[in-house]
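Trainee: Handing you this structure, nothing more for now.
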Amino acid sequence: MLAFYDHEESEFYGLCVEELLTRRPAMTHVHEFGAGSGQAMVNVIRRVDFQGRMRGFELDETSAASARELILQSGLTGRYDVRHGDFFTGLRPGEKRRCVVANPPYLPHSEELPAFPHLSGGHTGAGISKRILSAGFDTVLMMISSYADPCSVLAHARACGYTLTSWMVLPLRMGAFSRRPHVRRRIDAMARAGTAFVAGERYLLAGGVWDRTGRGDQSAVLSRVMSRFGVS
Ligand SMILES: C[S@@+](CC[C@H](N)C(=O)[O-])C[C@H]1O[C@@H](n2cnc3c(N)ncnc32)[C@H](O)[C@@H]1O
């Protein structure tokens, strides 16, 4: 697989992480789910001059190798490292789970064996996102898509004891993967069932921050924003 980096999507993810690290300078130990090419986090670490430690995981071997090469060339060794492997099995038992950042795979599909398994979020697109929310981190920054059952992701976060404390949203045009016929058919079926929200080829990508504060939950507002997208 070619290492994932989409200028608009990856940079919006980077902007959300930048916002979090700038507002919370004490956040010095960060895990990353799915580094892709590593470009998005390399740009953030440079912009905010992050002096903590970011530990990325990347399932795809070629992507992990390009991320590591980029980190080396950028002089960020020791501040950002990317390990090849599965995030969920790579987490060490007993290690502190303070913060995870993620732009997870969220393509919905109906096949047993999707063409791009590393970018698949399962039948509704929300499967990996829910697993990240269930992984026991204190703070989660995660991107959620309006075409991947966003309201159920928000409900799952609440069920895991999280409060959505801040969020940003950006309308995006579907990329090459989401426009592939079998993915698009699944999105359209979900839209008819009221679990995906699109306007033609446009969808909303939100970057949410969940904490365990118990106060000021904004998930009902984001749920309304997502579920009204494309409704005329
Ligand atoms: C949507 S891409 C985002 C890449 C990068 N964070 C960005 O925004 O440019 C999701 C990435 O997660 C990786 N991935 C999928 N499942 C994973 C898993 N279980 N553990 C680690 N990485 C995974 C994919 O290979 C892919 O590179």
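The values are calculated or read from the model by the stated rules, or taken from the named source; none is laboratory data. Keep in mind it's a predicted model, so treat the numbers as computed, not measured. Methodologically, a virtual Cβ is constructed for each residue, glycine included, from the backbone with ideal geometry; neighbour enumeration extends over all protein chains shown. The protein model used for the area step is the full one, side chains on, heavy atoms only, and it has no ligands, DNA or RNA in it. Shrake-Rupley method; radii C 1.70, N 1.55, O 1.52, S 1.80 Å.
Trainee: Give the relative contact order (percent, whole number) for the stretch 6-119; include only Cα pairs under 8 Å separated by 6+ residues. Can you show the working numbers first?
Mentor: Numbers: 161 pairs, mean separation 32.7, N = 114.
Result for the stretch 6-119 is 29 percent.
Trainee: Take the Cα of Arg173, step 7 Å along the line toward its Cβ, and report every residue of the stretch 189-225 whose backbone nitrogen sits under 15 Å from that point.
Mentor: 199-204, by backbone N distance to the label point.
Trainee: Here is a follow-up. For the chain, set up a Gaussian network in which alpha carbons nearer than 10 Å are linked by springs, and say which option among Gly214, Gly122, Gly56 fluctuates the most.
Mentor: Top of the fluctuation ranking is Gly214.
Trainee: Which value in deg cm²/dmol, rounded to the nearest 500, describes the helix-derived mean residue ellipticity at 222 nm for the chain, given -39,500 (n - 2.57) per DSSP H run of n ≥ 4 and division by the residue count?
Mentor: Theoretical 222 nm ellipticity from helices: -11000 deg cm²/dmol.
Trainee: R0 = 41 Å: FRET efficiency of Arg53 with Ser232, Cβ-based, nearest 0.05? Can you show the working numbers first?
Mentor: Working: r = 47 Å, r/R0 = 1.16.
Working from the Cβ atoms, E equals 0.30.
Trainee: Roughly to the nearest percent, how much of the accessible area of the stretch 7-228 is carbon and sulfur, given a 1.4 Å probe?
Mentor: With neighbouring chains kept in place, the figure for the stretch 7-228 is 53 percent.
Trainee: Pairs of alpha-carbon atoms within less than 8 angstrom and 6+ residues apart define the contacts here; what relative contact order does the stretch 7-228 have, in percent?
Mentor: The value is 18 percent.
Trainee: Moving on. What residue among Glu58, Glu18, Glu111 shows peak mean-square fluctuation when the chain is described by a Gaussian network model with Cα springs under 10 Å?
Mentor: Glu111
Trainee: Under 5 Å between amide hydrogens, which residues at least 5 positions from Arg83 or on another chain qualify, with H placed 1.01 Å from N in the peptide plane?
Mentor: Here the answer is Gly56, Phe57, Glu58, since their amide H atoms fall under 5 Å of that of Arg83.
Trainee: Put a dot 7 Å past each Cα toward the Cβ at Arg215 and Asp188; how far apart are the dots in nm?
Mentor: Taking the two extended label points, one gets 4.9 nm.
Trainee: Okay, next question. So how far, in whole Å, is the C-alpha centre of the stretch 51-82 from the one of the stretch 84-144?
Mentor: Computed from Cα coordinates, the inter-centre distance equals 18 Å.
Trainee: Write down, largest first, the equivalent ellipsoid semi-axes of the chain in whole Å, where each equals the square root of 5 times an eigenvalue of the alpha-carbon gyration tensor.
Mentor: Equivalent-ellipsoid dimensions as semi-axes: 27, 21, 16 Å.
Trainee: Using θ = phi - 60° and the Karplus curve 6.51 cos²θ - 1.76 cosθ + 1.60, what whole-Hz ³J(HN,Hα) does each residue of the stretch 78-91 get, with Gly and Pro shown as x?
Mentor: x, 9, 9, 10, 10, 9, 7, x, 7, 3, 5, 8, x, 5
Trainee: How do 186-193, 32-39 rank on mean C-beta neighbours within 10 Å, highest first?
Mentor: 32-39, 186-193
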